[in-house]
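First the structure, in the form of C-alpha cells, and then the observations on it.
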Amino acid sequence: MDERELRGLSRDIVRELGMLAGRCGDVELSPVEAHLLIELEAGPASNQQLADRLRVDKSNSSRPLQRLAERGLIAWRDCPADGRSKLADLTGAGRDWLRRLHAAMDADMAQVLLQLDEAERARLEEGLRLYRRALQHAGRQQGYVIRPLAAADNGALAALIRQVSAEYGLGQGCGFMDPQLDALFSVYNRVDSRYLVIVGPDSRLLGGGGIAPLAGGEKGVCELQKMYFDAALRGRGLGRRLLRQLLAKARALGYRQCYLETTAALAEAICLYEAEGFVRLPAHWGATGHDAACEIAMARAL
C-alpha cells in the first residue's frame, strides 16, 4: 500500500460511516455534535479541551456546542478551578440523546460485524489499532527528522549519550565509556556500518542509533549500537521508527542477524526490542567489550 491507496481507503471509510452527512443515521445530530456528546460522557469539559480531543479548531467546536446548548442537551457550568472559564456538561436530555445515539450506532456496527467471521474480526481489530497508532505517532512526530549522522553532530551526540547514561545510572562498561565516543562519525562512516540521528523541530539532536559488524562475531551478524533518546522523544514512536530503518539498512547491507547488548535499567528499550522480534540469548556473542555492565544479550533474524 502506498500513500494514495491509504488516502483512498480512508475516504471510502469516512463515506461509509456517514461522516460527510448532516446527521448520524436516524439521530438528528451532526457527526461533530455526536462526537461532542460522546466526549462529554466522561465528564464536563471546556470548549478548548473538546476541540483538542476532536483535533479541530476551537471555532469549529463552538457553533456545534452552541446548537447543543440551544436544544437543551448541554449546559454551561462554572469551572471550579477557574472562575473565568465555563465547562460544558450533559443535561438529562443530553444523556437521553446519547443513549439513543449509542443504540443506533451500535446497531449499525452489529450489521458490519455480521459480515465477518471471528478470524476476520481479529484481523480488523489489529489493523485498526495499528492504523490508529500510526496516525497518533505521525501527529506527534511532526517537525522531527531522521537522517544520517554527520561529522558536525559528533559533539552533540556524545553529550546526549553521556546525558542519558547519567539519567539511567549506567556505569563503566556501557557504550558511553567507549574511547571513540567523541568521534562517532568516523566510526560509522564505513560501507558496512550506519548511524542515524533524530533531530527535533529546533534542530537539536535528540536521539540516535547505529549498526556495525559484531566485533569478534560471525560474518553476517551486525550489532545494534548506541541507541540513546532524549526524554523529549519518548512516547512519540520515533524509537520504533528509527530501529526499523536500521534493521532495513542492515538487511540491505547483507546482514542475516542483528545482535545487541543492554541492561535491565533500560526497561523501555528492552520492551521495544522484544516488540520488534529480538529474543534473549543464554550467552553473549562476539567481543563487544561491554563486560558485565550490559548483562542482557538479544538477537533477531533479518
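The values are calculated or read from the model by the stated rules, or taken from the named source; none is laboratory data. Remember, predicted model here, so these are calculated numbers, not experimental data. Using ideal geometry, Cβ is built from the backbone for each residue, glycine included, and neighbour counts are taken over all protein chains shown.
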Scan of region 109-160 for residues that are basic (Lys, Arg), over 20 Å from residue 246 (Cα atoms) and in contact (Cβ under 8 Å) with a residue 12 or more places away in the chain, ordered by number: 133, 140
Test: residue in region 67-77 that is without any contact (Cβ under 8 Å) to a residue 12 or more places away in the chain and surrounded by fewer than 12 Cβ atoms within 10 Å (Cβ to Cβ): yes
Index of the failed condition, residue 223 passing every other in (1) crowded, with 22+ Cβ neighbours inside 10 Å; (2) out of contact with any Leu (no Cβ under 7 Å at 6 or more places or on another chain): (2)
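Considering region 273-289 alone, what residues qualify as being surrounded by fewer than 19 Cβ atoms within 10 Å (Cβ to Cβ) and either closer than 10 Å to residue 260 by Cβ or without any contact (Cβ under 8 Å) to a residue 40 or more places away in the chain (or both)? Let's see the steps before the verdict.
Within region 273-289, the first condition is being surrounded by fewer than 19 Cβ atoms within 10 Å (Cβ to Cβ), and the residues that meet it are 274-277, 279-284, 286-287, 289.
Those that are surrounded by fewer than 19 Cβ atoms within 10 Å (Cβ to Cβ) and either closer than 10 Å to residue 260 by Cβ or without any contact (Cβ under 8 Å) to a residue 40 or more places away in the chain (or both): 274, 275, 276, 277, 279, 280, 281, 282, 283, 284.
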Residue match in region 189-208 (condition: in contact with a strand residue (DSSP E or B) (Cβ under 8 Å, 6 or more places away or on another chain), without any contact (Cβ under 8 Å) to a residue 40 or more places away in the chain and not in a loop (DSSP other than H, G, I, E, B)): no
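Considering 224, 242, which residue is of a type in the set (A, V, I, L, M), at pLDDT 95 or above and part of a helix (DSSP H, G or I)? If you could, list the steps in order and put the result at the bottom.
Numbers: 224 fails: part of a helix (DSSP H, G or I).
Residue meeting the stated conditions: 242.
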Cβ-Cβ under 6 Å pairs, at least 6 apart or on other chains, region 253-266 side without any contact (Cβ under 8 Å) to a residue 24 or more places away in the chain, far side surrounded by fewer than 17 Cβ atoms within 10 Å (Cβ to Cβ) and among the basic types (Lys, Arg): none
Residue ranges of strands (runs of 3 or more DSSP E) in region 68-180 with at least 3 members in contact with a helix residue (DSSP H, G or I) (Cβ under 9 Å, 6 or more places away or on another chain) and either modelled with pLDDT under 95 or in the same structural domain as residue 193 (by TED's automatic domain parsing) (or both): 74-79, 82-90
